[in-house]
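Notes for the one structure printed next.
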Amino acid sequence: MKKCTVIIILVLFLKPVFPVLDYAVNNDYLSKVLCINKDKPELKCYGKCHLLKELAKASEEDRPISSDKK
């Protein structure tokens with residue numbers, strides 16, 4: 001039971017790290033296929049735009065829903 005709890009807690013704390021690991025592993029694919037700035041090589045984005053979108057999505061999912069939003 002303790003091991004299961006520790007694993008669940010680790011997954012919850014490491015959830016924001018997953019997009020960064022994905023970026024590190026698939027950097028070539030992201031920069032060539034998913035990057036929105038691939039037509040502008042002078043920006044030297046190399047897929048960072050996709051990483052920022054994924055990090056924003058992950059942080060949006062972690063944010064608690066307030067009672068003000070209806």
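The values are calculated or read from the model by the stated rules, or taken from the named source; none is laboratory data. Just so it is clear, the model here is predicted, and its values are computed rather than measured. Glycine also receives a Cβ, built like all others from the backbone with ideal geometry; neighbour counts cover every protein chain displayed. Note: accessible area is taken over every heavy atom of the protein model, side chains too, but ligands, DNA and RNA are not part of it. Shrake-Rupley method; radii C 1.70, N 1.55, O 1.52, S 1.80 Å.
Key figures for this structure:
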| read-out | value |
| --- | --- |
| Residue-normalised accessible area of the chain, expressed per residue, 1.4 Å probe, Å² | 88 |
| Links that overshoot a 30 Å alpha carbon limit, given the list K15/K48; K3/K53; K15/K44; K15/K38 | K3/K53 |
| Nitroxide proxy distance, nm - points 7 Å out along Cα→Cβ at K44 and F18 | 3.2 |
| For semi-axes √(5λ) of the Cα gyration tensor in Å, calculated from these coordinates, the label among [x] 31, 19, 6; [y] 33, 14, 11; [z] 19, 13, 11 | [x] |
